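Before any comments, here is the structure.
Every number in this text was worked out from the coordinates using simple rules, so none of it is lab data. Just so we're clear, the structure is a prediction, and the values are computed from it rather than from any experiment.
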Amino acid sequence: MIRKSLYYASNPMDVSKFKEEYRNLKTCNFPVKYYTEKEINRKFSFPKAGALVTDNDAEINPYKHAHLLIEKAVSKGIRVYAKTKINGKILKENQTQLFTETGHTVHAQTVIFATGYEAQEEVKDKNAVILSSYAIANWRKGIQ
């Protein structure tokens, strides 16, 4: 069974990024189609400005995947504070202080909030930016 995925532009301003992603995927011979707003309106029950449809997408166990990523980070020296409730923070250019509900303070130059989509709440802070969600690509020359 072929697994298809639809990835649509939530914002019309993102359409140029989708077209660029489409060109990049096509250049690497990935099975991808670009749907225009007209095609989306014809095929789906919701309007969007643009979308990518991909074939043969992978499916993973997100829980296991997240834990393996954390294990790898720890092996590289990253400190992980699991199940730690942060109730305050001071964000400066090269230093962050996080205050835990148990009265501890975490000092760091870089903080990664590994909370999934809940991290979008952090974007309300002008110093926090979601750079990307996690994606996996496995490409080998000659395999299509």
Practice task
Using the structure shown, select from LYS48/LYS72; LYS17/LYS85; LYS17/LYS43; LYS19/LYS83; LYS4/LYS64 the pairs with a Cα to Cα distance greater than 31 angstrom.
Solution key: LYS48/LYS72; LYS17/LYS85; LYS19/LYS83
Completion exercise
Yeah, the stretch 3-55 with a ≥ b ≥ c from its alpha-carbon gyration tensor (a/c under 1.5 is rounded, else prolate when a/b outruns b/c, oblate otherwise) is oblate
Problem - Overall dimensions of the stretch 1-123 as given by Cα atoms, namely Rg and Dmax in Å - result: 20.1, 56
